[in-house]
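Enquirer: One structure, pasted below without further comment.
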Amino acid sequence: MKSLWCEQAWLEPGDIAAGVRAEFGDNGVVRTVSRGAEPEPDDLRLNGVVFPAAANAHSHAFHRVLRGRTHAGTGTFWTWRNAMYQAAGTLTPELYEELATAVYTEMVTAGWTSVAEFHYVHHRQDGTEYGKQRIGPPETAAPTHAAPTHATPTHDDGPHAMELALARAAVTAGIRLTLLDTCYLSAGFGAPVLPEQARFTDGSADAWLSRWHSLHTAITGSFDASQVSVGAALHSVRAVDEPALAYIAQHLPADVPLHIHLSEQPAENRECLEATGTTPTGLLARHDLLSERLTVVHATHLTAQDMNLLGQARVTVAMCPTTEADLADGIGPARALQDAGAVVSLGTDQHAVVDPWLEMRALEHGERLASGRRGR
């Protein structure tokens, strides 16, 4: 498809125009948009009101295999996390490429055309980097009914095998990918990583940054930047200690998008206060990490001061209402954050549901339930 004609189209808030025509480049990126146009013979014609596709601000593709499998005995975020570790342990690059292709295709069919993938399953199960000599026996995927096992063979053991698998999956599915390579260094404040987290960690902030630069070079050399780009993420203040935060703040290139899970659980806030004397938001502010390039994910349990800091910095907040509801995390202060100056975005996170309209409705419903007011 190179051109599209819409009977009507939503161009910006309050502006629904008639006869909107869009032209696309070979990479699928919109080149021109005109209003009041007549359709041309080769245009794909769409009737009714056409809306711009959605941007999925937060995804963990492999969490999709947990859908419907984490609710025995009700459970909590923490019991769900144990199931997530088990799922992460089954992944190989071959398997992840097939799984992610399916997940990203589901997104495209539901109306998302770009996705920010918060990616931390970097290494083999034994913790060694792909492309380097392994420590243990050859890696195989554990038998599981939760994911497909008949993938076409891929480049399964070279450098950045997992990351390149995700990039190929996105190109195959036709979704634009921002690959947020994630720093993950500890199991909690002052706690070493657990065995089930071994494939998440690079061991130090410096080692993560070194691998990040190598990945950036590999992706930019192999993929069209309009299809796949590389950003960065800090898993959370639990998983990246204060010295590492400071180091990354000084050495990560300033133009790189940066994401972090923030105040998803009250326990995280309590532990952060005990360890650092401030909230997770306050800790980011202490190291000058609050800025317009930062996206904080969830931001469910914030103080008034936290919200003021995030708003003043024009931070983006990625809320994931269907995941936050599924895990019983709580209702985040979306309206208050936007009023403070933050930008609110939406993501599907664990993909309990993949539907931008449902995320929008869930955000609005949460605000109504929390405030007792409609039209929030």
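The values are calculated or read from the model by the stated rules, or taken from the named source; none is laboratory data. Values in this document were obtained by computation on a predicted structure and should not be read as measured data. These accessible areas exclude ligands, DNA and RNA; they are computed on the full protein's heavy atoms, side chains included. Shrake-Rupley method; radii C 1.70, N 1.55, O 1.52, S 1.80 Å.
Enquirer: Å³ per residue of the Cα convex hull, for the chain?
Expert: 153
Enquirer: Please identify the helices of the chain, taking whole runs of DSSP H, that span at least 20 Å along their own axis as judged from the Cα atoms and have a mean Kyte-Doolittle score of -0.5 or higher.
Expert: 93-110, 205-222
Enquirer: Here is a follow-up. At 222 nm, what helix-only mean residue ellipticity would the chain give, in deg cm²/dmol to the nearest 500, using -39500 (n - 2.57) for each DSSP H run of four or more?
Expert: -10500 deg cm²/dmol
Enquirer: At 1.4 Å probe radius, can you tell me the per residue accessible area of region 167-272 in Å²?
Expert: Result: 37 Å² per residue.
Enquirer: Per residue, how much accessible surface does region 1-126 expose to a 1.4 Å probe? Answer in Å², no decimals.
Expert: 48
Enquirer: Here's something else I'd like to know. Once the piece of chain linking THR303 and PHE24 is laid out straight, how much longer is it, given 0.36 nm per residue of separation minus the C-alpha distance between them?
Expert: 96.0 nm
Enquirer: For region 295-376, with every protein chain kept in place, what is the accessible area per residue (1.4 Å probe, Å²)?
Expert: Value returned for region 295-376: 42 Å² of accessible area per residue.
Enquirer: Rounded to the nearest percent, how much of the accessible area of the chain (1.4 Å probe, protein heavy atoms only) is carbon and sulfur?
Expert: C and S atoms contribute 53 percent here.
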